[in-house]
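Asks: I am attaching a structure below and will ask some questions about it afterwards.
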Amino acid sequence: MPLTPPQISRKPLFWVVLAACCIATACSTTNTAQSPPSSSSATTQSNANISQLGESERQILSDFADKVIIPTYEKFAGHAGALSTALEALAQNPTPETLKAAQNAWVTARSSWEQSECFAFGPAYSLGYDGQLDTWPINDTDLKKVLDDTTALTPESVEKLQDSQKGFHVIEYILFGDAKNKALETFTPREYEYLQALGKDFSRVATALATSWKQGADGQPAYREVIAKAGEKDNSTYPTVQAGAEEIVNGMADSLDEVANEKLGAPFTEKDPKGLESRFSQNTLADIKHNLQGAKNVYLGSFPDANTSGMGLNTHIAKVNPELDTKLKSQFEAAS
């Protein structure tokens with residue numbers, strides 16, 4: 001079957017990624033030794049940039065945690081709980097209505113998750129939450145092994161499975177079928193059992209991720225404190241405010257690069273629609289839209305879905321490079 005290109009322009013995506021890289025350059029440390037020796041104006045500008053990377057940027061870091069990350073993860077945890085409840089209802093009472101409700105709950109949870117992909121660092125990475133929730137692609141052999149087994153499936157047993165045997169896309173495949181064509185009468189008792197356990201495990205991990213930022217996890221302090229207090233004494237993770245700001249910028253740039261080169265670029269290059277993430281539910285374009293919204297949230301320091309707003313990266317960029325700030329905002333609009 002020929003690959004039909006999604007109806008989305010890649011040119012705006014390119015410019016958004018390029019602008020994000022420009023932000024990384026604008027925010028990176030530039031000292032006198034790195035400045036051209038013959039350019040006193042460059043040295044003066046360099047020192048001015050360094051002096052501006054101070055208390056205002058600390059506010060950007062704390063608002064990034066309090067106004068963007070934590071509200072996003074709290075929203076996602078709520079959506080994950082609703083998905084688990086919907087999967088339970090489907091398993092207990094399989095009807096066209098409960099199937100549709102479960103599918104809708106999956107799409108809703110996906111929207112908040114995709115907006116979080118610009119900050120898949122910290123606990124999402126170090127504690128493995130990202131892999132447990134969103135491993136792609138799934139492994140057909142591993143999935144079939146679980147479905148063909150007769151061992152009882154519980155939240156505890158699912159927790160011990162490989163990442164490729166649980167999370168968003170295993171739930172998606174069972175709920176939607178190979179191409180959003182799953183008929184209610186084709187569900188098996190084993191699939192219902194699997195969905196119930198998957199939903200509970202999924203909700204557990206989503207809640208743990210939110211908790212790791214607010215209260216801490218595995219004996220570690222709340223990650224909110226780690227990034228919000230960048231540059232303070234004994235902060236080995238972010239020894240400077242600069243390091244914390246660069247984490248934010250790199251997370252945004254990495255997410256946008258993934259959109260352009262992996263989520264869109266690789267399937268087009270390989271001419272294989274099987275590489276499109278969330279293809280079972282035909283939610284690929286919505287994923288990309290929410291990735292872009294997530295990057296915009298980070299840049300502006302806001303999370304519209306929770307009506308939170310603070311000081312974003314744009315505050316600093318508008319001071320040191322107003323033209324870049326204007327350009328980036330316009331490119332976000334063009335790509336949305």
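The values are calculated or read from the model by the stated rules, or taken from the named source; none is laboratory data. In this text the structure is predicted, and so the values were computed from the model without any measurement. Cβ coordinates were reconstructed from backbone atoms using ideal geometry, including for glycine residues, and neighbour counts include every protein chain displayed. SASA here: full protein model, heavy atoms, side chains in, ligands and nucleic acids out. Shrake-Rupley method; radii C 1.70, N 1.55, O 1.52, S 1.80 Å.
Asks: Could the peptides 208-219, 310-321, 193-204 be put in order, highest first, of the mean number of other beta-carbon atoms found within 10 Å of their residues?
Replies: The most tightly packed comes first, giving 193-204, 310-321, 208-219.
Asks: Roughly how many Å² of W106 are accessible to a 1.4 Å probe, to the nearest 10?
Replies: Approximately 0 Å² of W106 is accessible to the 1.4 Å probe.
Asks: Quote the accessible area belonging to V146 in square angstrom, nearest 10, computed with a 1.4 Å probe and with ligands, DNA and RNA left uncounted.
Replies: About 10 Å², ignoring ligands and nucleic acids.
Asks: Same structure again: Run the numbers for Q282 and T211: contour at 0.36 nm per residue of separation, minus the present Cα-Cα distance, in nm.
Replies: 22.5 nm
Asks: For region 91-240, what ratio Rg/Rh do Cα atoms give with a Kirkwood hydrodynamic radius?
Replies: Reported Rg/Rh, Kirkwood definition of Rh: 1.05.
Asks: Counting only heavy atoms of the protein chains, get the accessible area per residue of region 249-336 (1.4 Å probe) and round it to a whole Å² value.
Replies: About 43 Å² of surface per residue is accessible.
Asks: T85 versus T240, label points 7 Å from Cα toward the beta carbon: distance in nm?
Replies: My value for the distance between the label points is 4.8 nm.
Asks: In whole percent, what relative contact order does region 183-336 give with Cα contacts below 8 Å and a gap of six or more residues?
Replies: Worked out over region 183-336, it gives 9 percent.
Asks: How high is the relative contact order of region 261-336, in percent, with contacts defined as C-alpha pairs under 8 Å that are six or more residues apart?
Replies: This gives 18 percent for region 261-336.
Asks: So for region 203-336, considering every pair of alpha-carbon atoms, how many percent are separated by more than 21 Å?
Replies: Roughly 56 percent, once rounded to a whole number.
Asks: Another question, if that's okay. Measuring from label point to label point, each 7 Å out along Cα→Cβ, what is the Q92 to S309 span in nm?
Replies: 4.1
Asks: Calculate, in nm to one decimal, what L184 and K274 gain on full extension: separation in residues at 0.36 nm each, minus their alpha carbon distance.
Replies: Taking 0.36 nm per residue and subtracting the Cα distance, the gain is 30.0 nm.
Asks: Would you kindly state how much longer the chain becomes between E159 and N104 on full extension, computed as 0.36 nm times their sequence separation minus their alpha carbon distance, in nm to one decimal?
Replies: Fully extending the segment from E159 to N104 adds 17.4 nm.
Asks: Normalise the Debye intensity by I(0) for region 120-175, one equal point scatterer per Cα, no solvent, then take log10 at q = 0.17, 0.26 Å⁻¹ and round to two decimals.
Replies: Normalising to I(0) and taking log10 leaves -0.55, -1.09.
Asks: Turning to a different aspect of this structure: Let's test the formula: R0 of 35 Å, r as the Cβ-Cβ distance of D254 and T150. What FRET efficiency results, to the nearest 0.05?
Replies: 0.25
Asks: Tally Lys/Arg at +1 and Asp/Glu at -1 over every other residue whose Cβ is under 11 Å from the Cβ of L90; what's the total?
Replies: After counting each charged neighbour, the total is -2.
Asks: With only Lys, Arg, Asp and Glu charged, each at its Cβ (+1 for the first two, -1 for the last two), find how big the charge dipole of region 59-170 is about the Cα centre; round to the nearest 20 debye.
Replies: In debye, rounded to 20, region 59-170 gives about 160.
Asks: Need the list of lysines near K100 for cross-linking: C-alpha distance under 18 angstrom, and skip anything on the same chain fewer than eight residues off.
Replies: Result set, ordered by chain and number: K180, K182.
Asks: Quick one: divide the alpha-carbon radius of gyration of region 264-325 by 2.2 N^0.38 Å and tell me what you get.
Replies: 1.54
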